[in-house]
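Remarks on the structure that follows.
The values are calculated or read from the model by the stated rules, or taken from the named source; none is laboratory data. These figures come from a predicted structure and were not determined experimentally. Here the Cβ is made from the backbone with ideal geometry for all residues, glycine too, and neighbour counts use every protein chain on show. Keep in mind that these areas ignore ligands, DNA and RNA; they rest on the heavy atoms of the full protein, side chains included. Shrake-Rupley method; radii C 1.70, N 1.55, O 1.52, S 1.80 Å.
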Amino acid sequence: IFAFVFQPENLQKNWLREFYQVVHAHKPHFMALHCQEFGGKNYEASMSHVDKFVKELLSSDAMKDYNRARVYLDENYKSQEHFTALGSFYFLHESLKNIYQFDFKAKKYKKVTGKEIYSDTLESTPMLEKEKFPQDYFPECKWSRKGFIRTRWCITDCAFDLVNIHLFHDASNLIAWETSPSVYSGIRHKALGYVLDRIIDQRFEKVSYFVFGDFNFRLDAKAVVETLCAKATMQTIRAADTNEVVKLIFRESDNDRKVMLQLEKKLFDYFNQDVFRDNNGTALLEFDRELSVFKDRLYELDISFPPSYPYSEDSSQGRQYMNTRCPAWCDRILMSHSAKELILKSENDEKIVIYDHIGPNVCMGDHKPVFLSFRIAAGAGKPIANVHKCCVVQ
């Protein structure tokens, strides 16, 4: 999962090289790649880079064994009401037979052949459902590019939905810090619930589903700050004209009153970033709480990689976080409990289910992509099941 930003020209090369290495290592038969913020923040100027990226991906030597592909790019940035900047790519290995995609208008599956790219107005494409969240979900009712794209697939009688999602971010570190849980996590909760209700409503047969993208899940800011700065004293700085809090400074009580953390609307400057990297930041997972309200509806494998956001966009700083936000596991791959049952468990010690991030030491943009590689027991529940290998990348 990652936000597509094309500033330095070598970022695309880095990204594709690391991505191809994962493809080569896992050799999936069916691969789904979900991207958010396609074209980056300056999408009007950057959409031309997107076309180059798509051409490179479809024609590269690393992907030559994938003889069928479907690409869905929401590039219609002039339509404020519909634009989500989501990109969903699906690649099918030549060895994979009998794969079908669902037509939501005709309500039937169609065999997938060839390579096809859809962009601009995805609203008219019957092979997917695309929706932007209702405007009253948006903080202050200002449109931004948040929504979801859903496709449905069938591999030898095993049907599942793949949902590309982008949820709301934290606009201010100071507001996120004020309450626990924060107002932003409440908005994300509402939006994710909206998507889950939508994909299991009465219009279509219910199938297993995987939801992956940039959920913007954040650590509980109040609890994290209280833990990281447990022995610190807090100084509050207010704007002279409005008396509004503009900065919080946490200092050690002794040790020459050393500054531990500075917090502003878009600044989270903690003196020791190692706490987010050591042992993959596992000590902070207890503050990753946003998914807990969905435990009856969604399952996630154990996280064993460091927070995926916000990484430095300096090409020489592959492991460094930006000091704009508290690092968090924004990028996730979640699934319904029935989808969990489709994943083939290992019969020996071979690790065939892998949930990890891509490019740990390389600049990949401000998000590290996250991937899930697994084998599916196609037609799960049947006495004889064909085994196919899948890989989904968020």
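Below, the figures for the structure above:
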read-out	value
Cβ charges +1 (Lys, Arg) and -1 (Asp, Glu), total dipole of the chain, debye	980 debye
The chain, relative contact order in percent, only Cα pairs under 8 angstrom and at least six apart counted	17 percent
Derived scalar couplings ³J(HN,Hα) [segment 262-272; Karplus, 6.51 cos²θ - 1.76 cosθ + 1.60; whole Hz; x for Gly, Pro]	10, 10, 10, 3, 10, 9, 9, 10, 9, 5, 9
28 Å Cα-Cα reach of Lys231 towards lysines, excluding residues that sit fewer than 8 places from it in its own chain	Lys222, Lys247, Lys258, Lys265, Lys266
Tensor-based shape of segment 215-278 (alpha-carbon gyration tensor, a/c under 1.5 rounded, otherwise prolate or oblate)	oblate
Length released on extending from Ile354 to Thr324, taking residue separation times 0.36 nm less the Cα-Cα span	7.8 nm
Potential extension, Lys222-Asn255 segment - 0.36 nm per residue separation minus Cα distance	9.5 nm
Asp51-Asn279 FRET efficiency (beta carbon distance; Förster radius 35 Å; 0.05 resolution)	0.30
Ordering of 121-130, 168-177 by burial proxy (mean other Cβ atoms within 10 Å per residue, highest first)	168-177, 121-130
Sequence-distant residues sharing a close amide H with Cys158 (under 5 Å, placed H)	Gly379
Computed over segment 230-317, the ratio Rg/Rh where both radii use C-alpha atoms and Rh is Kirkwood	1.06
Quarter of Cα convex hull surface for segment 88-176, i.e. mean projection, nm²	8.1 nm²
Listed peptides 252-261, 21-30 by packing density, highest first (mean Cβ within 10 Å)	21-30, 252-261
Tyr299 - accessible surface, heavy atoms, 1.4 Å probe, Å² rounded to 10	70 Å²
Estimated distance in nm for a label pair at Asp120 and Arg238, the labels positioned 7 Å out from Cα along Cα-to-Cβ	5.5 nm
Expected 222 nm ellipticity per residue - DSSP helices of 4 or more, -39500 (n - 2.57), all of the chain, to 500	-6000 deg cm²/dmol
Segment Asp65-Ile200, extension gain: residue separation times 0.36 nm, minus the distance between their alpha carbons	45.2 nm
Unsatisfied cross-links (Cα-Cα over 22 Å) in the set Lys41/Lys368; Lys340/Lys368; Lys97/Lys130; Lys97/Lys389; Lys105/Lys132	Lys340/Lys368; Lys97/Lys130
If the convex hull is drawn through the Cα atoms of segment 139-201, its volume per residue in Å³	105 Å³
Considering only the chain, percent of DSSP beta bridges that pair antiparallel, nearest 5	80 percent
Förster-model FRET efficiency, 35 Å R0, Lys105 and Ser315, C-beta, rounded to 0.05	0.20
Accessible heavy-atom area order of Lys265, Lys247, highest first, probe of 1.4 Å	Lys265, Lys247
Viscosity 1.306 mPa s, temperature 10 °C, Stokes-Einstein D of segment 309-370 from Kirkwood C-alpha radius, µm²/s	115 µm²/s
Ordering of 315-324, 146-155 by packing [mean C-beta count within 10 Å, highest first]	146-155, 315-324
Hydrodynamic radius (Kirkwood) for segment 177-300, which is based on Cα pairs only, to one decimal in Å	17.4 Å
Calculated P(r) of segment 20-99 - Cα pairs past 21 Å, %	35 percent
